[in-house]
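Here the structure comes first, spelled out in structure tokens, and everything after it is commentary.
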Amino acid sequence: MRASTLTDVGEITVEERERPEPAADEVLVEVGACSVCMTDYHMYHGTFPIETPLVPGHEAAGTVADVGSDVTGFEAGDRVAVNPTVPCNACSYCKRGETHLCENNTSIGGAGDTILDGAFAEYVRVPAINVEDIGDMSFERAALAEPLACCVHGVEQVDLTPSDSVAIIGAGPIGLLLLQAFRNAGAAPIVVSELDPERRELAAELGADAVIDPDEVDPEEAIPEAAGGPVDVGVEAIGLVPTIEQANAVTTKGGSTLIFGVPEQDATLEVSPFDVFFDEVGYRGSYSLTTEDFERAITMLRYGRVDADSLITERIGLDELPTAFERMGDAEGLKKVVVPDRD
Ligand SMILES: [Zn+2]
Ligand SMILES: [Zn+2]
């Protein structure tokens, strides 16, 4: 089989590899689609250090091609999405259902302490507990179940009551999925701040009640103005300290500021303990997804609660990843999806 393999920082080549055999508790998935994520981008650029060689790609869906001897729930031909977070099911976090915090943090192609070969390949091995039936939905749409599940997880991290107001700073693919996840949870109004005019337009189409251009107006004034006051939840979906501070500045007393975008590992944030005390504004983080979030994301996609198709702007082959990473660096387009049988 062919597999896009990271061999060093900035080096990715399509290798011919043996088609893997599933272990007793695994299924082998023929990859139908695997979307490209900023994590892949950071692995490629060395800003998320990994051991090479590695096949990245953790947002995948496809067809079961083979099953291990102990697998009973799936058979060849089943259409599935892949949850890349492999729980050990033995640590206290897993036992509490917090599989994303697993002490033996393992990912199929994504961020983790242990990273297994991922899905920028024709086939990927996956534990049977990590695949979810997708019915007849397209592989491309199903590939977005992973990022959507992360966003569902983000909504669960804050105490949201229907009609709570939300501000989302940054409307890249993740900001646009967060917008839809919060909308599904009943948030209103939702204000989105985004530099790019096309992304702003799409945010409005996907249900933002107001969109603002932070180049034109000061978000710290314009967001409360559009939302009728400071918001219950301020969400940062970029990963930069100034925009995290901005999200916090527009969060109301008693509200939550959600750090969703991935900050640099050595970034620091100044927090006034008095403000936390006096205004009861809490910072919350949201990392990855649980097994439950993944199942919920699949259901939302299956029943059309989220428009994932509008976020897919490019289909590429296994050999086109380096140029796709360049376009991601320039924030060109939205989701790029690798379709392995394309070339
Ligand atoms: Zn991802
Ligand atoms: Zn665990």
message: I'm trying to understand the selection: among the residues of region 193-223, which are over 17 Å from residue 165 (Cβ atoms), in a helix (DSSP H, G or I) and not acidic (Asp, Glu)?
response: 197, 199, 200, 202
- line: Of the residues in region 276-309, those that are without any contact (Cβ under 8 Å) to a residue 60 or more places away in the chain, more than 14 Å from residue 144 (Cβ to Cβ) and either in contact with a helix residue (DSSP H, G or I) (Cβ under 9 Å, 6 or more places away or on another chain) or of a type in the set (Ser, Thr, Tyr) (or both) number 4
field: region 106-128, residues that are more than 15 Å from ligand 1 (Cβ to nearest atom) and either of a type in the set (Ser, Thr, Tyr) or modelled with pLDDT under 95 (or both)
entry: 106, 113, 114, 123
Conditions (1) at negative phi; (2) open to solvent by less than 30 Å² (accessible area, probe 1.4 Å); number of the one not met by residue 78: (2)
query: Taking region 260-316 as the region of interest, how many residues are farther than 28 Å from residue 142 by Cα and in a loop (DSSP other than H, G, I, E, B)?
result: 11
- prompt: Is region 38-57 home to any residue that is open to solvent by less than 20 Å² (accessible area, probe 1.4 Å), under 16 Å from residue 2 (Cα atoms) and more than 13 Å from ligand 1 (Cβ to nearest atom)?
  reply: yes
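The rows are residues; the columns are (1) within 17 Å of residue 296 (Cα to Cα); (2) surrounded by fewer than 18 Cβ atoms within 10 Å (Cβ to Cβ).
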site	(1), (2)
64	no, no
124	no, no
135	yes, yes
146	yes, no
Scan of region 332-343 for residues that are assigned to a helix (DSSP H, G or I) and surrounded by fewer than 18 Cβ atoms within 10 Å (Cβ to Cβ), ordered by number: 341, 342
- request: State which residue pairs qualify: first residue farther than 17 Å from residue 116 by Cβ and open to solvent by 20 Å² or more (accessible area, probe 1.4 Å) and inside region 84-103, second residue of a type in the set (A, V, I, L, M) and away from ligand 1 (no atom under 16 Å from the Cβ) in any location, beta carbons under 7 Å apart, and separation of 6 or more residues or different chains.
  value: 93/101
- request: Would you confirm whether any residue within region 190-212 is under 19 Å from residue 311 (Cα atoms), basic (Lys, Arg) and surrounded by fewer than 22 Cβ atoms within 10 Å (Cβ to Cβ)?
  value: yes
- prompt: Which residues, taken from region 184-232, are touching an Asp or Glu at 6+ places or on another chain (Cβ under 8 Å) and among the basic types (Lys, Arg)?
  reply: 200
task: Look through 329, 317 and report the one residue that is within 24 Å of residue 60 (Cα to Cα), at pLDDT below 95 and open to solvent by less than 50 Å² (accessible area, probe 1.4 Å).
output: 329
- prompt: On the given criteria, is residue 131 closer than 28 Å to residue 310 by Cα, within 16 Å of ligand 1 (Cβ to nearest atom) and out of contact with any Ser or Thr (no Cβ under 8 Å at 6 or more places or on another chain)?
  reply: no
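The values are calculated or read from the model by the stated rules, or taken from the named source; none is laboratory data. Quick caveat, the model's predicted, so the values are computed rather than measured. Heads up, the Cβs are rebuilt from the backbone with ideal geometry, glycines too, and the neighbour counts pull from every protein chain shown. Areas reflect the complete protein model, heavy atoms only, side chains present, ligands, DNA and RNA absent. Shrake-Rupley method; radii C 1.70, N 1.55, O 1.52, S 1.80 Å.
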